[in-house]
Amino acid sequence: MSSMRDIKQRIENVSSVEQIIKAMDMVSSTRLVKARRQLEGIRPMYKELKLIAEEVGTQENAKRHIYYKEREVKNTLYIILTSDRGLCGSYNFNIMSKALKHMNQGKNEKIIIVGSKGYEYFKKRDKNIIHSVLDVADAKVYYGAESLAKMIIDSYLAAEVEEVYIAYTHFENVLTYVPVVERLLPIVSDGTENRDRDDKKYDPDLDSFIDNMIPLYLHMNLFRAYSESHTSEQASRMVNMDAAGKNASEIIEDLTHMYNRKRQAAITQEISEIVGSANILNKGGPDDS
Amino acid sequence: MMEQETSLLEAKKIILNITTPRGLKLSEEADMVIMRCVDGDFGVLPGHEPVSTVLGDGILRIINDGMEKKLAVFGGVVEVDNTSVNIYSTIAQKPEEIDLERAIRDREEAEAGILERTEELRYQSLGVGVRRALVRIEVSTNFEEDDFSEEG
């Protein structure tokens, strides 16, 4: 049995934790608003560029281009987007296990990690991490995505890798986020011949159009994927902190009940002791005989 | 039949949409749009054949009802068809959004850098810096002149 003092101590501890939880909840909800705005800005541009990239792929001549051509796969590059901080529920675990599962289908992987959580996870599993981006500041993401896109293109063109996958968390709404593994390169363009335009022209010519368009597309794609992940992370943290806050309140309530009962019991005991001893005194003390 | 179609197109204007990573930047009608592509200026009138091309760093000119508007657009992809021009670019700035002092400073810094350094990669990026600063300066100063002439 814990004493009253212990219980009181515990109540204090839990309520200070609760305050931290509430602060984190508030921080992540404001960040979520910001992240969502960023995500909603990039989505239309990404969608259109994706459409353009896929549409180009339906051209006969494009299939010979390196960004579209399917090569024999020796090495696969993965870009995995995780978070730097914890306390966001199963967010990191979901995306990492999804990526790991994908890798285990007999891929010879090279990994680019974003976020320290993912770095620790894959480091522990002795995966081939060729580059890691830690401590991503929100403001640097846009240019970070650009340099990452350049890096991917460089190693793709240097034939260090033959395909590139990206693992990120797709944000649907505040309660639903789905981990996704998508292929970035070569570009998948099957079944997207909905816009039937055989007469379409490309300036200056198809090859240089592709050469200029793909880096932009990858940059936007990475930036979008990061925005998706970042928004999911904030949403996940907010939901989890909300739940944790509720739990903390419940615990405090339970402990307060317990404390009050203890206090009541102590008082009752004291009273009965007093009454008992008073009774004995009134009788004129213990029998002398 | 042909005549009907052309008259329809003549009455129509081109709809210009500029999309940036922050969402739809601009959507308006125009008689003519002139943009700077990687291999030179490219003008579009209503009824243009469908074409896709890539932009360089330069001035985008929108001509509508005899008025000309200028925007600084750096890189991007354009999709043209007979009634619309869709631009997808990372940077598109209206004259009022350009910080002229900063552009002038950027230009000076980049030009000074070019004189000092000889390293190829650095040289290239400085070149881009100068070009972009020049575009910004031109877009922004023309805007001010236009303002002036309207008042006078």
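General observations
- Of all residues in the stretch A:222-257, those satisfying the criterion of being free of Cβ contacts under 8 Å to residues at least 24 places away in the same chain and not hydrophobic (A, V, I, L, M, F, W, C) are A:246, A:247, A:250, A:253, A:254, A:257.
- Residue in the stretch B:55-72 that is assigned to a strand (DSSP E or B), under 18 Å from residue A:205 (Cβ atoms), outside the structural domain of residue B:135 (by TED's automatic domain parsing) and not acidic (Asp, Glu) present: yes
- Index of the failed condition, residue A:139 passing every other in (1) among the aliphatic types (A, V, I, L, M); (2) in a helix (DSSP H, G or I); (3) modelled with pLDDT of 85 or more: (3)
- Residue in the stretch A:59-70 that is within 30 Å of residue A:110 (Cα to Cα), in a helix (DSSP H, G or I), away from chain B (no Cβ under 14 Å) and without any contact (Cβ under 8 Å) to a residue 40 or more places away in the chain present: yes
- Candidates in the stretch A:222-259 are the residues that are buried (at least 24 other Cβ atoms within 10 Å of the Cβ), away from chain B (no Cβ under 11 Å) and of a type in the set (S, T, N, Q); of these, the one that is farthest from residue A:154 (Cα to Cα) is A:236.
- Residue that is farthest from residue A:22 (Cα to Cα) [pool: residues in the stretch A:87-108 that are among the small types (Gly, Ala, Ser) and modelled with pLDDT of 85 or more]: A:99
- Residue count for the stretch B:64-90 satisfying the condition of being of a type in the set (A, V, I, L, M), away from chain A (no Cβ under 11 Å) and within 12 Å of the chain's Cα centre (by Cα): 3.
- Screening residue A:65 against (1) modelled with pLDDT under 90; (2) within 16 Å of the chain's Cα centre (by Cα) leaves a single unmet condition, (2).
- Failed item in (1) touching a residue at least 60 places away in the same chain (Cβ under 8 Å); (2) within 14 Å of chain B (Cβ to nearest Cβ), with residue A:24 passing the rest: (2)
- Some residue of the stretch A:122-136 being closer than 21 Å to residue A:177 by Cα and buried (at least 20 other Cβ atoms within 10 Å of the Cβ): no
- Members of the stretch A:1-26 found to be of a type outside the set (Asp, Glu) and touching a helix residue (DSSP H, G or I) at 6+ places or on another chain (Cβ under 7 Å), listed by number: A:4, A:7, A:8, A:10, A:11, A:14, A:15, A:17, A:21, A:22, A:24
- Entry remark, the stretch A:40-58: residues being part of a helix (DSSP H, G or I), touching a residue at least 60 places away in the same chain (Cβ under 8 Å) and either crowded, with 18+ Cβ neighbours inside 10 Å or basic (Lys, Arg) (or both) number 12 in total.
- Flag for residue A:35 being out of contact with any Ser or Thr (no Cβ under 6 Å at 6 or more places or on another chain), crowded, with 18+ Cβ neighbours inside 10 Å and either at pLDDT below 85 or within 14 Å of another protein chain (Cβ to nearest Cβ) (or both): no
- Selection count, the stretch B:11-41, where residues are over 13 Å from residue B:84 (Cβ atoms), hydrophobic (A, V, I, L, M, F, W, C) and buried (at least 20 other Cβ atoms within 10 Å of the Cβ): 1
- One residue stands out among those in the stretch A:201-221 that are in contact (Cβ under 8 Å) with a residue 24 or more places away in the chain and either touching an Asp or Glu at 6+ places or on another chain (Cβ under 8 Å) or acidic (Asp, Glu) (or both): the one that is surrounded by the fewest Cβ atoms within 10 Å (Cβ to Cβ), which is A:207.
- Condition broken by residue A:73, with the remaining ones in (1) within 14 Å of chain B (Cβ to nearest Cβ); (2) surrounded by fewer than 16 Cβ atoms within 10 Å (Cβ to Cβ) satisfied: (1)
- Residue A:110 being touching a Leu at 6+ places or on another chain (Cβ under 9 Å), surrounded by fewer than 15 Cβ atoms within 10 Å (Cβ to Cβ) and either assigned to a loop (DSSP other than H, G, I, E, B) or on the phi < 0 side of the Ramachandran plot (or both): no
The values are calculated or read from the model by the stated rules, or taken from the named source; none is laboratory data. Remember, predicted model here, so these are calculated numbers, not experimental data. Every residue, glycine as well, gets a Cβ built from its backbone with ideal geometry; the counts of neighbours run over all protein chains shown.
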